[in-house]
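Trainee: Quick one: the structure is below, questions incoming.
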Amino acid sequence: MSDPIQIATQAIEERFGAQSSEFREQVSLIIQPEHIVQACQVLHNEFSFDMLVDQTAVDYWPQETPRFHLVYQLYSYTYHIRLFLRVPLNGNVPSLPTIESIYPNANWHERELWDMFGIHFENHSDLRRILMPHDWEGHPLRKDYPLGYEEVQFTFNYDEIDVRKPYAKK
């Protein structure tokens, strides 16, 4: 019997021009955004990847090509294997199609990605904030999001911060 992960990987590479890589026995496929729905459909229907375990993103700012990688973790209960899909997204207004028609739990993952990273999912059934208040501005997990914190005082910057530090008046 052939290795199911190799068969699935080869099929996705041939059909969608994906690039595969392996690190610590975990296989990843880089797929272009326009192919993500069809690739997920093929993996689900033909290769028994019946569960979307996780969907997250990586922000490579200040790099803008690609600025983000969307990462999908799929699992096959039939073969007990995982497959990672990575989708590169360019620019500050990233967008790609939703996969919630294939994996219904993508609804929640994609809402979180919209809320935290500002990644838009075309044809999503309910794309609204899920973690932040509805009137929140910005996307807190983007690397260019302003932090608004107080600088930590160390020995190398003690004097500089001490000058600006507010002390109680006597």
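The values are calculated or read from the model by the stated rules, or taken from the named source; none is laboratory data. Treat the numbers as computed from the prediction; the structure is a model and nothing was measured. Reconstructed Cβ throughout: ideal geometry from the backbone, glycine too, with neighbour counts over all protein chains shown. Only protein heavy atoms, including side chains, enter the accessible area calculation; ligands, DNA and RNA are left aside. Shrake-Rupley method; radii C 1.70, N 1.55, O 1.52, S 1.80 Å.
Trainee: Provide the percentage of antiparallel DSSP beta bridges, counting only those with both residues in the chain; round to the nearest 5. Kindly include the intermediate steps, with their values, before the conclusion.
Mentor: Values: 22 of 28 bridges.
DSSP beta bridges in the chain are roughly 80 percent antiparallel.
Trainee: Same structure, new question: Using Cα centres only, tell me the gap between segment 102-170 and segment 1-50 in whole Å.
Mentor: Measuring centre to centre over Cα atoms gives 33 Å.
Trainee: Going toward the positive end of the dipole of the chain, with +1 on Lys and Arg Cβ and -1 on Asp and Glu Cβ, which of ILE31, TRP61, PHE49 do you reach last?
Mentor: TRP61
Trainee: Then there is this: Expressed as a whole percentage, what fraction of the accessible surface of segment 1-93 belongs to carbon and sulfur atoms when a 1.4 Å probe is rolled over the protein heavy atoms? The partial results should precede the final answer.
Mentor: Working: 2470 of 5080 Å².
The nonpolar share, carbon plus sulfur, comes to 49 percent.
Trainee: Once phi is turned into θ = phi - 60°, what whole-Hz ³J(HN,Hα) does the Karplus curve with 6.51, -1.76 and 1.60 give for every residue of segment 54-71, x standing for Gly and Pro?
Mentor: Per-residue couplings from phi come out as 7, 8, 9, 9, 10, 9, 9, 3, x, 5, 10, 10, x, 7, 10, 10, 8, 10 Hz.
Trainee: Specify, per residue and in Å³, the volume enclosed by the convex hull of the alpha carbon atoms belonging to the chain.
Mentor: Working: hull volume 30.1 nm³, N = 170.
Per residue, the Cα convex hull of the chain comes to 177 Å³.
Trainee: Hey, got the dipole for the chain? About the Cα centre, +1 on K and R Cβ, -1 on D and E Cβ, debye to the nearest 20?
Mentor: Numbers: 14 positive and 25 negative charges, 92 e Å.
Approximately 440 debye in magnitude.
Trainee: Can you give the Rg to Rh ratio of segment 59-145, both from alpha-carbon atoms, with Rh computed by the Kirkwood formula? Present the calculation step by step, with values, prior to reporting the outcome.
Mentor: Details: Rg = 13.8 Å, Rh = 13.9 Å.
We get a ratio of 1.00 for segment 59-145.
Trainee: Once the mean 1/r over all distinct Cα pairs of segment 12-83 is inverted, what Kirkwood radius in angstroms do you read off?
Mentor: Details: mean 1/r = 0.0762 Å⁻¹.
It is 13.1 Å.
Trainee: Right, another one. Gain in length, GLN10 to LYS169, computed as 0.36 nm per residue apart minus the alpha-carbon separation, to one decimal in nm? Write out the running numbers ahead of the final one.
Mentor: Working: separation 159, 0.36 × 159 = 57.24 nm, distance 7.02 nm.
Going from the current span to full extension adds 50.2 nm.
Trainee: Connecting C-alpha atoms closer than 10 Å in a GNM of the chain, tell me which of GLU22, GLU64, GLU112 has the biggest fluctuation.
Mentor: In the Gaussian network model the winner is GLU22.
Trainee: Taking the Cα of GLN41, stepping 7 Å toward and past its beta carbon, and measuring to each backbone N in segment 1-21: which are under 16 Å?
Mentor: 12, 15-17
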